[in-house]
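Structure record follows, encoded as structure tokens.
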Amino acid sequence: MFWSQFRLITLVPVFLLIILSSYLITRLLKNKSEKAKMLPIQIVTIVLLVLEFFKQLLSIINGYDLYHIPLHFCSLFLYFLPVAAFYKGKYKEHFRTIAATISACLFLFMAVYPLLIYPDSDIQSIPAFFAGDWRSYFRFHSVVFHNVALFPFFFFSFGNLCRHDTKRDLKVITLAFAGYAVVSATVANLFSINFNNFKSCNAPFLENVRLSLVGSMGWFGQLLYVLLIGAGTIAVPILAYLVLKLFEKIICSTRTGIIASSVTTGLVAVGLLLCIFNKGIGALICSLVSMVATAMVLPTLINSIRRKEVKNILISSAFAAVNITAIVVEYFTL
């Protein structure tokens, strides 16, 4: 499974907190200057940089681990988010779009396959860090970094801080992530460091594909695997960008929110029905879709309440109930 019981009870409240706090903060800053609107993004940027600074410092003190070189996918926050947060030149929309897209990618992975990002044991080790075990900092960093890094997706979306040009954005995203794929894949295979799963894969089903390719074709099989991951490294951000644009439309239009929520919640409902006949398949579908559907339903429900649209309040409330039911069912199925 892509989720665990422990991850459901810890991550779902985080998602809800991030979505609701992002909405409330952007509402408070609605009539403020752009400088004021960007302040939350700047704070998040500083937090991520401080977290990474101490990670690198402790790694150096402890005898540097090459795995800590910031070439992981989420390390891209360290390069693009500061520019997006503080740069005010003519290319600011490019960098804001890339930063928002990286955060949207993280959201999709965290919503669909959170155990791929970090294990439950990382969360469970946090009390040890606060008890004075500095060696637990790396796990503490992994949990806090990835959760805080979810904020830009919702902040940029709720605050309408990106001015999109789809043709331009797709070119920029393709170039940025293709460049990252080339660098990280090369370093990963030359030095046997598993950046972005380019050396081996943390997802068992993809690792089986890699092993099969390498077993039958040797180095060429590994090359094919690297090209597969490289293609995904470009394709996922493009999908995330489309999700970002859709989410922004949901925030602006209750009608769009109802349509998107009906499609995603419909898939969740199918998962719930399948649970009657096969709990494993049904729960799998729910785990893949329920959090994405919830993220779409919540702003739709909020907008419906704010605009006093009774019909849409009832519809979105029903959608929310279906998704909550799916999360509960998944909890007892895992």
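The values are calculated or read from the model by the stated rules, or taken from the named source; none is laboratory data. Bear in mind that the values here come from a model prediction, so they are computed numbers and not experimental data. Virtual Cβ from ideal backbone geometry, glycine too; neighbours counted across all protein chains shown.
Elements of the type helices (runs of 4 or more DSSP H) sitting completely within segment 150-224 and holding at least 3 residues that are at pLDDT 95 or above and of a type in the set (Gly, Ala, Ser): these cover 166-191. Would you tally the residues in segment 23-49 being farther than 26 Å from Ile305 by Cα, assigned to a loop (DSSP other than H, G, I, E, B) and of a type in the set (S, T, N, Q)? Going through segment 23-49 one residue at a time, the tally reaches 1.
Going by what's in this entry, would Val226 be described as surrounded by fewer than 18 Cβ atoms within 10 Å (Cβ to Cβ) and hydrophobic (A, V, I, L, M, F, W, C)? Here the answer is no, as Val226 does not meet what is asked. Kindly establish whether Ala84 is in a helix (DSSP H, G or I), within 28 Å of Thr264 (Cα to Cα) and touching a residue at least 24 places away in the same chain (Cβ under 8 Å). No, not satisfied.
For every residue, the table says whether it meets (1) over 24 Å from the mean Cα position of the chain (by Cα); (2) within 26 Å of Phe155 (Cβ to Cβ); (3) at pLDDT below 95.
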residue	(1), (2), (3)
Ile251	no, yes, yes
Arg255	yes, yes, yes
Ile259	no, yes, no
Thr265	no, yes, no
Asn303	no, yes, yes
Arg307	yes, yes, yes
Val328	no, no, yes
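Residues considered: Val226, Val183, Val214, Val236. Of these, the only one that is in contact with a helix residue (DSSP H, G or I) (Cβ under 6 Å, 6 or more places away or on another chain), aliphatic (A, V, I, L, M) and closer than 30 Å to Ser157 by Cα is Val236. Tell me whether segment 24-35 contains one or more residues that are small (Gly, Ala, Ser), within 19 Å of Val297 (Cα to Cα) and either in contact with a Cys (Cβ under 7 Å, 6 or more places away or on another chain) or free of Cβ contacts under 8 Å to residues at least 24 places away in the same chain (or both). Checking segment 24-35: not a single residue is small (Gly, Ala, Ser), within 19 Å of Val297 (Cα to Cα) and either in contact with a Cys (Cβ under 7 Å, 6 or more places away or on another chain) or free of Cβ contacts under 8 Å to residues at least 24 places away in the same chain (or both). Note on segment 241-298: among residues that are of a type in the set (Lys, Arg) and either buried (at least 20 other Cβ atoms within 10 Å of the Cβ) or touching a residue at least 12 places away in the same chain (Cβ under 8 Å) (or both), the one that is farthest from Tyr113 (Cα to Cα) is Lys245.
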